[in-house]
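The values are calculated or read from the model by the stated rules, or taken from the named source; none is laboratory data. Values in this document were obtained by computation on a predicted structure and should not be read as measured data. Cβ placement follows ideal geometry from the backbone for every residue including glycine, while neighbour counts extend to all protein chains displayed. Remember, those area values only see protein heavy atoms, side chains included, never the ligands or the DNA or RNA. Shrake-Rupley method; radii C 1.70, N 1.55, O 1.52, S 1.80 Å.
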Amino acid sequence: MAWQWFHRLGSPKWFYEKTTAWLPWLGFISITLILLGSIWGLAFGPAEAKQGNSARIIYIHVPAAVLAMAGYYVMAISGAIGLIWRMKLSFMVMKAAAPIGAVLTFLALFTGAVWGKPTWGAWWVWDGRITSMVVLFLLYLGIVALQEAYQNQDTADKISSVLALVGMVNIPIIYKSVDWWYTLHQPATLKLTEKSSIDPSMGYPLLLMILAFYIFYAWVLLLRTRVEILKREQKTNWVQEIVAKG
Amino acid sequence: MMSTDTPSLRRAFWASLRRELLLSYRHKGDLANPLIFFLMVVVFTPLGISEEPRMLARIAPGMLWVIALLATLLSLDGLFRSDYDDGALEQMVLSPQPLACLVLTKVFAHWLLTGVPLTLLAPVLGVMLQLPEGGYGILFLSLLLGTGSLSLIGAIGAALTVGLRKGGLLLSLIIMPFYVPVLIFGSGAVKNAIEGFPVNAELAILTAMLLAWSVMAPFAIAGGLKISVRA
Amino acid sequence: MPSLEFRQFTCQRDGHPLFNPLNFALNGGEVVQIAGPNGAGKTTFLRSLCGLFDEWTGEMLWQGTPLRVPDFSLCSQLLYLGHQPGVKKSLTAGENLRWFFGVQGMPFPGAVSDALAQVGLQGYEDTFCYQMSAGQLRRVALARLYISRAAIWILDEPFTAIDRFGVQNLETLLQRHVSNGGLVILTTHQPLAISGVRLIELQMAGRGGNDVD
């Protein structure tokens, strides 16, 4: 009996109908929180002591980076669930999560570059964190490319889930090794991003933004998964009915 | 009518290894290709950057490692493709022996026939790139350990793209992020050796990575191959 | 005595059943021919018996125990000959045969040249397979049947590219295998000259149900 919900979760139809009601809430809450956090951080929060107003970009940069990272785990774990319990819905979540993660990683890199120009005097610096982010971006692109390469959706799902799992095991190793490389071969002068030194007056809006991004992520993931469900179940009666209703 | 000869993994291992070696002996040309590639890009380096000895000496450890890595990558596309096309892979999947062990033999053969020759060639090419005195031994050792990981990781990519007709470029794309740690510690060891720093930590990590991949990669490879065969 | 049973068994493509559910039991001593129109899933059915296809529903029981793909315990009892014979062209006929058994962990069969002689390839043991015709390649693969000790033979179109004499030989061999208690499951477009062949017809599943085009 305890497994019943789990099996129902595997039914795309049940999931689709259940989540219809959540969408407006998630959308409303995430947009409101993002607006609140942005206004707090940009207008009311203090400017950073050394960098001035340019440091305010952390309110996008940090949440994007956090979610890019967490998104990989969301993707890999849904892939694993799909492989182990042969759950089609889980594969759909996995497929939906890959491009979102790639976009978030790109956003983190882009805001990092914009931030780097006034701070370090260069758009691009080979710093440990940036390098790890690039590697993460490549990992995401690999998953998306593999998904696109296979004609058969079923094979594409399973194959890219295996890759995502291998990636999940390796991400900590890649991060550690890039860290090692950076501290060994680069002078450690650019330590402006140390998180420990952040002042609460900037920390609270940042935390709020991270929370907002999490909910935003859930909202977008849900939206994309639902599109994926409709695409894959398009020949079934219940999808036909939804389409007929408009 | 059933025989008392029970199937044994050891026999399967030797039969697979024997076949791999025979096959590559019959296609000797394929063996040389990664080595020629290695040589060619090394020739390109002074042409594209500078022939100035001090400059070359500085970039030699990194260049040698990057090129060896790319050469390995290029040799991987065909690893499972011909077995997939002619049905031999189905017979491997059907074997009562664990597929993970059978593919490990294939990867071992690949390392023996690609990684080891690249490692042997690297010091010679190091001379061409003005690699400083102290780097040769560690270059050899780090490549010997590192190419093992490269073959194992690359085989995962080969297994995941075996069902695609043109998988070569995609294979590189999905696998290269996993090569990052191997490259960092491999070329790091050579650089340290040249500058006279200890290299124990790097070599220990390269060994640890090789061991970890030897345990993990065969399962990912076997999983990928089974999915491809069942498609 | 091998026994295989199917309950409500059907293979699926993209979530649609390929053929109407099957309910039957097979025992040693039978030659079973799987028939049906193109696209009804004959090859897919044979592949799912071998664990080379896993999108199936229903039950498959081996000696009374249900089988699932991940814990497939049938392998050591099986000999599968698919569309692709799995013969490497740059190996000799003998090397190919030895590998077939070697990869299963069996000892190198001594009877390789005998087996090749049985399929009409006497003296070809050290001939490279790239020098052979399609029919001869097929025969190299078929020579496995003369050496194998597997109880269940699963043969997908075994008579393709084989001449009349070869077909007769193969039929005799199949008959001998089942009279020893073995089980043969095959597909073929040729009429079989074997007595007591059991015919299982796959009926294409209607694309009805929850399908709307």
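Below, the figures for the structure above:
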quantity	calculated
B:Leu112-B:Met216 FRET efficiency (beta carbon distance; Förster radius 22 Å; 0.05 resolution)	0.60
Peptide-level mean, for C:92-104, of C-beta atoms on other protein chains within 10 Å	5
Cα centroid separation - the stretch B:49-94 against the stretch A:123-148, whole Å	21
Accessible area of chain A divided out per residue, in Å², using a probe of 1.4 angstrom	51
Ranked packing of B:74-82, A:26-34, most packed first, by mean Cβ within 10 Å	B:74-82, A:26-34
Average beta-carbon neighbours from other chains, 10 Å sphere, peptide C:81-89	5
Test item: B:17-29 mean partner chain Cβ contacts at 10 Å	3
Per-residue [θ]222 nm for the protein assembly as shown (sum of -39500 (n - 2.57) over DSSP H runs n ≥ 4, rounded to 500)	-21000 deg cm²/dmol
Gaussian network model of chain A, Cα within-10 Å springs - most flexible of A:Ala122, A:Ala80, A:Ala68	A:Ala122
Principal-axis tilt of helix A:88-120 within chain A, Cα atoms, nearest 10 degrees	20
Folded to 0 to 90 degrees: helix C:164-179 orientation relative to chain C principal axis, Cα	70
Under the span-like rule (Cα at least 18 Å along the axis, Kyte-Doolittle mean at least 0.5), DSSP H helices of chain B	B:28-48, B:53-74, B:116-128, B:136-160, B:168-195, B:200-230
Globularity index of the stretch C:3-201, i.e. its alpha-carbon radius of gyration over 2.2 N^0.38 Å	1.03
Rough spin-label spacing in nm, given labels placed 7 Å along Cα→Cβ, for A:Val103 and B:Ala204	4.6
Distance from the stretch B:95-168 to the stretch C:129-154 (C-alpha centre basis), Å	34
Average silhouette area of the protein assembly as shown, convex hull of alpha-carbon atoms, in square nanometres	36.0
Principal-axis tilt of helix A:22-39 within chain A, Cα atoms, nearest 10 degrees	10
